[in-house]
Amino acid sequence: MSRPEERRRVCGEAETGCSDQNRAIIELEFVQCLANPHYLNWLAQNKYFDDPAFINYLKYLQYWRRPEYARLIQYPHCLFFLDLLQSQEFRKAVATNQTAEFIHIQQFYFWQNYVVNRANEASK
């Protein structure tokens, strides 16, 4: 019996209207946009998360977690949010402006202290 990943039909250039390379670039840019909590809020408020096809697309994009793809990502928080977006509870929560702003502030504090925290860990 084949695994679901092996049975999945892969669309080619004829179906998508762009080359595999362009498709990969577009998907990479979209995945990285998921690192922006205000963009997630916009998606939620515009009902993208109510569309089953969009939810399936988010599941499909999980392949970006694999090392050969993840190495191309500049904003690693996007992978964390891609995981969270698999949860309907998170998709509902991020629809509120307060949640998006809270996440944004937490990201700011993370990056503000990232270098100091990494230096402290390295010196132990």
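In segment 1-33, the qualifying residues are those that are more than 24 Å from Phe81 (Cα to Cα) and hydrophobic (A, V, I, L, M, F, W, C), and the one that is modelled with the lowest pLDDT is Met1. Scanning segment 26-59 for residues that are without any contact (Cβ under 8 Å) to a residue 12 or more places away in the chain and exposed (fewer than 13 other Cβ atoms within 10 Å of the Cβ) yields Ile26, Glu29, Asn46, Lys47, Asp50, Asp51, Pro52, Ala53, Asn56. For segment 34-90, the helices (runs of 4 or more DSSP H) that sit wholly inside it and include 1 or more residues that are of a type in the set (Val, Ile, Thr) and modelled with pLDDT of 95 or more are 52-60. Scanning segment 87-118 for residues that are touching a helix residue (DSSP H, G or I) at 6+ places or on another chain (Cβ under 7 Å) and open to solvent by 60 Å² or more (accessible area, probe 1.4 Å) yields Asn97, His104.
The values are calculated or read from the model by the stated rules, or taken from the named source; none is laboratory data. For clarity, every value in this text was computed on a predicted model and none was experimentally measured. Counting neighbours? That spans all protein chains shown, and the Cβs are built from the backbone with ideal geometry, glycine included. SASA here: full protein model, heavy atoms, side chains in, ligands and nucleic acids out. Shrake-Rupley method; radii C 1.70, N 1.55, O 1.52, S 1.80 Å.
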